[in-house]
Amino acid sequence: MNKIPKSHPRYESLKLREKISNAMKEGIVHETGLIAHGRGEAFDYIIGEETNKYADEAEKIAAASLLLAKNPVISVNGNVLAISSKEIIDLSKAIPAKIEVNLFHRTNIRMEKITNELKKQGAGIVYGDKADGFIPGLDHDRGLCDKEGIFSSDLVLVPLEDGDRCKALKEMGKKVITIDLNPLSRTSRTADITIVDNIVRAIPNIVKWVEKLKKLEKTDLDEIILSWDNEKNLKDILTYISKRLNHL
Ligand code: PTJ
C-alpha cells in the first residue's frame, strides 16, 4: 500500500484499513475480519464518526461497572488487537482487569500470535491458551476459555463480538459489556451495556472515565449504574441515526 498522505480527508479511516489489512497478512486478523471491519465502517459513517452523548454515557457506565467488578476480563480477538492493542492494555492496567484471547476462528497459530503480540506490547498475563474451561451452550471451539479467565469472571468486556457468545456468557450469569457499531446486532441487543461507538474512540474514553470515577466511593458507583437502561440507550441511538438519515 502506498503511504497515505495526512492531508487525505479520510486519513484516519484509511490508516485503520491499513492496520487491519497488515494484521491480516500477518495472520492475526482472520480474512472475514476485513468484512466485519467494513460493516463497522459503514455504521460509523452513519453515526458521524464521532462519540455521541449516548455512546459517552454507555462508556461511563462501562467504566463504573468495570471498577465495581470483582473479576473483570477483557476479551480480545484479531480485529481488536489490530486496531486497539495499546488502548486495551492501558484499560486492563487502569482497572485492573485480566486480558483473555478468545477467538471466533480459533487456531493454535492465531492464538499464539495474538498472545505474543499482547505480551510484546506490555500486557502481563494473557489468558486463553489453557482452554481448560468451556462456555456452555456454544458448539465448536468458540466456547473454549480459561478457568482463571473468562470462565470464572463476573464481568466480560467483549468488543466486536459475533452472534451468540454474548448470550451464552449472560446465561452463565456474567455481566456483559460490548462495543459494536451496529446497534441492531444480536450482541448489541443482548448485552447489559452496549457501546455503539468505534472501538478506537471507545476504549480511550472508557479509560478517561475510569480515571475520573476511580475517586468515587463504591456506593456512588452503584448509584451511577442504577440509572442505566440499555434498551432505552439503543432506542435513542436508533432515533439519532434516523434523524441523521432524514436530514442528509
Ligand atoms: O478474530 P476472530 O477469529 O475472533 O474473529 C473476529 C470477527 C470480528 C471476524 C468475528 O467476531 C466476526 O465475524 O464478527 P461479526 O459477526 O462480523 O461482528 C463484528 C461486529 O463488530 C459487527 O457488528 C461490526 O459492526 C462491529 N465492528 C466492526 N468494526 C468495529 C466494530 N464495532 C466497533 N468498532 C469497530 N472498529
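The values are calculated or read from the model by the stated rules, or taken from the named source; none is laboratory data. Here the structure is a predicted model, which is why all the values come from computation and not from measurement. Heads up, the Cβs are rebuilt from the backbone with ideal geometry, glycines too, and the neighbour counts pull from every protein chain shown. We work out accessible area using only protein heavy atoms, side chains counted, and drop any ligands, DNA or RNA first. Shrake-Rupley method; radii C 1.70, N 1.55, O 1.52, S 1.80 Å.
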Per residue solvent-accessible surface (Å²) - the chain, probe of 1.4 Å: 50
Estimated 222 nm signal from helices in the chain, with DSSP H stretches of n ≥ 4 weighted -39500 (n - 2.57), rounded to 500: -17000 deg cm²/dmol
How much length, in nm to one decimal, is gained on full extension between Phe134 and Val200, taken as 0.36 nm per residue of separation minus their Cα-Cα distance? 20.8 nm
Per the rule of 0.36 nm per residue minus the C-alpha distance, extending Thr219 to Lys93 adds in nm 43.1 nm
Give the accessible area for Met111 in Å² (nearest 10); use a 1.4 Å probe, count only protein heavy atoms, and leave out ligands, DNA and RNA. 10
About the Cα centre, charge dipole magnitude for the chain (Lys/Arg +1, Asp/Glu -1 at Cβ), debye: 520
Who wins for biggest fluctuation among Tyr45, Tyr11, Tyr127 in a Gaussian network model of the chain, springs between alpha carbons below 10 Å? Tyr11
How would the stretch 157-246 be classified by its alpha-carbon gyration tensor: rounded, prolate or oblate, with rounded meaning a/c under 1.5 and the a/b versus b/c comparison settling the rest? oblate
Any idea how far the Cα center of the stretch 35-60 sits from the one of the stretch 180-219, in Å? 12
Longest DSSP-loop-exposure-free segment, trypsin sites (Lys or Arg not before Pro), the chain, at most 15 other Cβ within 10 Å: 148-213
Heavy-atom accessible area of the chain with neighbours in place, 1.4 angstrom probe: carbon+sulfur share in percent works out to 53
Förster radius 41 Å - calculated FRET efficiency between Tyr45 and Asn71 (Cβ-Cβ, nearest 0.05): 0.65
Within the stretch 91-122, list the residues whose amide N lies under 15 Å from a label point set 7 Å along Cα→Cβ of Thr32. 103-107
Enter the Cα centre distance for the pair the stretch 159-179 and the stretch 78-111, rounded to the nearest angstrom. 16
State whether the stretch 74-155 is rounded, prolate or oblate according to the following rule on the C-alpha gyration tensor (a ≥ b ≥ c being the square roots of its eigenvalues): a/c under 1.5 gives rounded; otherwise a/b larger than b/c gives prolate, and the remaining case gives oblate. oblate
Percent of all alpha-carbon pairs of the chain at distances over 32 Å, whole number, is 17
Mean-square fluctuation maximum in Gaussian network of the chain, Cα pairs under 10 Å, restricted to Thr219, Thr187, Thr51, hits Thr219
Mean separation of Cα contacts under 8 Å (at least 6 apart) over the residue count of the chain, i.e. the relative contact order in percent, is 22
Could you compute the net charge surrounding Ile95? Neighbours are other residues with a C-beta less than 15 Å from the C-beta of Ile95; K and R count +1, D and E count -1. +4
Cα gyration tensor category, rounded, prolate or oblate, for the stretch 16-136 with a/c compared to 1.5: oblate
Need one number: convex hull volume per residue for the stretch 1-58, Cα atoms only, in Å³. 105
Can you tell me which of Asn52, Asn77, Asn198 moves the most in a GNM of the chain? Springs connect C-alpha atoms under 10 Å apart. Asn52
Antiparallel DSSP bridges in the stretch 79-179: what percent, to the nearest 5? 20
